[in-house]
1. Taking one equal scatterer on every alpha-carbon of region A:47-192, how large is log10 of I(q)/I(0) by Debye at q = 0.10, 0.16 1/Å?
2. Can you give the relative contact order of chain B as a percent, counting alpha carbon pairs under 8 Å and 6+ residues apart?
3. Run the count for region A:142-247, please: Lys pairs, Cα-Cα under 20 angstrom, 8 or more apart or on different chains.
4. Taking chain A as a whole, which cysteines find no other cysteine Cβ under 4.7 angstrom from their Cβ?
5. Percent relative contact order of region A:4-104, based on C-alpha pairs within less than 8 angstrom and at least six residues apart?
6. How big is the convex hull of the Cα atoms of region A:21-78, per residue, in Å³?
7. Rank A:222, A:38, A:107 by mean-square fluctuation in a GNM of chain A with C-alpha springs under 10 angstrom and give only the top-ranked residue.
8. If you place +1 on the Cβ of every Lys and Arg and -1 on the Cβ of every Asp and Glu, how big does the dipole about the Cα centre of region A:4-104 come out, in debye to the nearest 20?
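What follows draws every value from the coordinates through simple rules; no lab data is involved. From a predicted model like this one, the values you see are computed outputs, not experimental measurements. All Cβ positions, even for glycine, are placed from backbone atoms using ideal geometry, and neighbour counts span all protein chains on display.
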Amino acid sequence: MPSTVALSVARYRPERDWEPTFQTYEVPYRKDWVVLDALNHVKDTVDGSLTFRWSCRMGVCGSCGMKVNGTPKLTCATFLSDYLPGPIRVEPLDYFPVVRDLVVDLADFMRKLKQVKPWIIRKEEPPPDEGEYLQTPDQLDTYKQFSMCINCMLCYSACPIYGLEPSFIGPAAIALAQRYNMDSRDQGAAERLKILSEHDGIWQCTFVGECTKVCPKHVDPAGAIQQYKLTAATHWVKSLLLPWGTR
Amino acid sequence: MSAGPHYTLYHPRWYRRRVSVWWWLQNRSYTGFVLRELTSVFVAFFAVVALWQLRAFAQGPEAYGQFLVRLRTPLFLVLDTVAFLFVLFHAITWFNLAPKAMVVRLSGKRVPDWVIVGSNYAAWLVLSGAVAFVLLRG
């Protein structure tokens, strides 16, 4: 077992660099260390200027998404031991603008997420004393998978379509729209259809399927998009045959 | 003017990486995806050959005989083999992806993926068997 492992980290300091460069740090190898531990070791003891996002260290907050040896990963769940003997290449997520070192700007996703209205929409809200909305375990089961999304952006970084067509709403936002569409308490599917079935919505997706592969929470955004294609196509056929029925 | 990059606190200079035209060679699944997209060309090729066959058939036995001779030329044999392999790749990859798009629920429970994939393959086998029966009967 090696005593150290080399970490090759992408650095981008906008005040002095034209483009990212790689800097190599030799970090102690420990069996129970993840890539994030190694980055924190560098920040604490070697180079305090190294910049990256992290928070929970347990795969819940979705902050520490980076590319490890070319694959989008949550660095808090990526063990050094899986990449021996190294060097381990750590880069910022693809397709988002890099702010500094390993930090990317997520404003584009935040704007798109809001567009798909990821909240429960009711035509009429009953008064609170009528009680809560009831839901059976089977009804919960239809959307629960999509509700596990932690907005870590690994799926966007894995999606070449998002890279080539930046206007694409993207995997996580569509999966989250589907999470509310399939919720028995929600009545906003028609409102979301307008955004999702437009050019930049589901039809941009050509089913590369990498979003599902890299998802650390098994959300299956690719599945959500394909299922929604079926829904949108059915809706379109219905609107042709029964124009008065889909209004 | 300074030679260094322009940077101010409130207008940070972001770095945007361009997508390389060779992005589809970056990993195996991207390459697989592009190949799967490419299979549509060969599916179209078979459709065109079928139309051509129909046209030759309508023009009479002589034209049809000529059509068959042309199909036996080395060029067509190679083209047909390549196209067949691509169409096979097309069918297999799409059948395997079918459960992602088709979520069937029976009495509230989701039908397992292998049942969806299996029923697609079963339908493929039955239809191919029926076609083979019609063709080989005489």
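1. The Debye formula, applied to the Cα set alone, gives -0.46, -0.94.
2. Numbers: 50 pairs, mean separation 23.5, N = 138.
Rounded, it is 17 percent for chain B.
3. On the way: A:144/A:213; A:144/A:217; A:144/A:229; A:194/A:229; A:194/A:238; A:213/A:229; A:229/A:238.
Close lysine pairs under the 20 Å cut-off: 7.
4. Result for chain A is A:64, A:76, A:149, A:152, A:159, A:205, A:215, no neighbouring Cys Cβ within the cutoff.
5. 35 percent
6. Working: hull volume 5.5 nm³, N = 58.
Convex hull of Cα atoms, per residue: 94 Å³.
7. It is A:107.
8. The calculation lands at about 160 debye.
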